[in-house]
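Structure, as structure tokens:
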Amino acid sequence: MKKLSILLLFLGLATFVQAQKEKRLSGYFSAGTNIMAYDRFIEFTHAGAGAGLQFHYTINPKLKAQFDATVSLFSINKILFLFENGQTTGPKQFVFTTFAGLVYSPVKRTEAGISAGPSFVEDGVYAGIKPYIGYYFGKKERVKALASLTHIFEKNSISKKNTGFVSFGLAIKLF
């Protein structure tokens, strides 16, 4: 009986101590609006919507590693451009990004981050970079407001311009 009591006390204490640890991995679902800031066909591409998942791994209380996967859809004018070399293209309607980076929290409930990685735009893969800022509502940090600029390095034989769009949205903590 004494061994059982000690075992139960140890398990209870271990559970209590484990509950005091901060979770190192957290996940968020985000949704918002996108506004095309610059593009080769800016006059034909309008605003759109986007949704994504963010995963944060806490390195220390002020620094986190981040993985971000986002899908962005844009409202466009249905138009097709034909170039002298026979290639055709049109305004962007779909952008999928998978970025990894770091997030820094200088003060409570505020964070700033930068991430980079591949961007899948219609029929091509390009490098991209995304700086962003976020503000948490409440002490439990379950909901946050986000603002970001996604820059896609898309210069090629047809286009002499890169693409960039500004995103505003909310993220809800999943775990």
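The values are calculated or read from the model by the stated rules, or taken from the named source; none is laboratory data. The shown structure was predicted, so the numbers you read here are calculated from the model rather than taken from an experiment. Ideal geometry is used to build each Cβ from the backbone, glycine not excepted, and the neighbour counts take in all protein chains shown. In case anyone asks, the SASA skips ligands and DNA or RNA and just uses the protein heavy atoms, side chains included. Shrake-Rupley method; radii C 1.70, N 1.55, O 1.52, S 1.80 Å.
Quick test for you: out of GLN54, GLN93, pick the one residue that is modelled with pLDDT of 95 or more and surrounded by 15 or more Cβ atoms within 10 Å (Cβ to Cβ). So that I can check it myself, show each step before the final result.
Working: GLN93 fails: modelled with pLDDT of 95 or more.
Of GLN54, GLN93, the one residue that is modelled with pLDDT of 95 or more and surrounded by 15 or more Cβ atoms within 10 Å (Cβ to Cβ) is GLN54.
Taking the condition in contact with a Phe, Trp or Tyr (Cβ under 6 Å, 6 or more places away or on another chain) and at pLDDT below 95, does GLY164 pass? Answer is yes for this residue.
Filtered by the rule that a residue be crowded, with 17+ Cβ neighbours inside 10 Å and either part of a helix (DSSP H, G or I) or of a type outside the set (A, V, I, L, M, F, W, C) (or both), the stretch 57-77 gives LYS64, GLN66, ASP68, THR70, SER72. In the set (1) modelled with pLDDT of 95 or more; (2) surrounded by 14 or more Cβ atoms within 10 Å (Cβ to Cβ), the condition left unmet by GLU154 is number (1).
Residues are listed down the side, and each one gets a yes or a no for (1) open to solvent by 70 Å² or more (accessible area, probe 1.4 Å); (2) out of contact with any helix residue (DSSP H, G or I) (no Cβ under 7 Å at 6 or more places or on another chain); (3) part of a helix (DSSP H, G or I); (4) at pLDDT 95 or above:
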| position | (1), (2), (3), (4) |
| --- | --- |
| HIS46 | yes, yes, no, no |
| GLY86 | no, yes, no, no |
| THR98 | no, yes, no, yes |
| ALA112 | no, yes, no, yes |
| ALA116 | no, yes, no, yes |
| ILE129 | no, yes, no, yes |
